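Novice: Quick one: this structure, given as structure tokens, is what I'll be asking you about.
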Amino acid sequence: MESQLIDLLRVLEEDSRRQGGVPRAAREAGQFFNLLVKATRAVNILEVGTNDGYTTLWLAEAAAQTGGKVTTIENDVWQLAIAKKHFLRSPHGERIQLVQGDALELLAVLEGPFDFVLLDGEKSQTLHYFHILAEQLSSGAIICCDKAISQASVLTPYLSYVHERPGLDSLLVPIGEGVEVTYKSP
């Protein structure tokens, strides 16, 4: 990983600590997503919920190694502006397409298929996101839902669905605030 990106991630982590903890993925979760993208050689990567762009930077670094790109959706204009600044400082900013708007509306018009999806937007809408994306997932796609332990009560419908649905294999990984990793069978 380039020193420029390492320094940028450290700055974001320090900013988060100073501000009392921005609700974003833990470093371990970012590293985990990065590893999954690389291991699966994912090319078309989608993130729902950009926040300040911290996780997006991890995804973009992996995309640089797979020849891929990251599309990330954020509705909050303030967060969007912050993320955009961070992406301009990243050595992999050109691999990131930042889209502003409501995820439920945008997911219906984005072109897949997606090889890797990170669901980290409005938790009460996660199952809706998944239903919209279901036909846009590539065979063998990986779908991750962050904060699956810390916000399990809100995510119960989604978690139940991915554990019970034929054609999906799903496992809760206790990294950060919990990551639900789902594999779409070919």
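Novice: Which of the following residues is more than 14 Å from the chain's Cα centre (by Cα) and buried (at least 16 other Cβ atoms within 10 Å of the Cβ): 129, 161?
Specialist: From the options 129, 161, the qualifying one is 161.
Novice: Show the residue pairs that are 6+ apart or on different chains and have beta-carbon atoms under 9 Å apart, the first residue being within region 66-80 and over 14 Å from residue 120 (Cβ atoms), the second being assigned to a loop (DSSP other than H, G, I, E, B) and charged (D, E, K, R).
Specialist: Close Cβ pairs satisfying both conditions: 66/41; 67/41; 68/41.
Novice: Could you check residue 112 against (1) at pLDDT 95 or above; (2) closer than 20 Å to residue 41 by Cβ; (3) surrounded by 13 or more Cβ atoms within 10 Å (Cβ to Cβ) and say which number it fails?
Specialist: Failed condition: (1).
Novice: Let me ask something else about it. Filtering region 67-93 down to residues that are at pLDDT 95 or above and over 16 Å from residue 48 (Cα atoms), which residue is surrounded by the fewest Cβ atoms within 10 Å (Cβ to Cβ)?
Specialist: 67
The values are calculated or read from the model by the stated rules, or taken from the named source; none is laboratory data. Here the structure is a predicted model, which means the values were calculated and not measured. We place every Cβ from the backbone using ideal geometry, glycine too, and count neighbours over all the protein chains shown.
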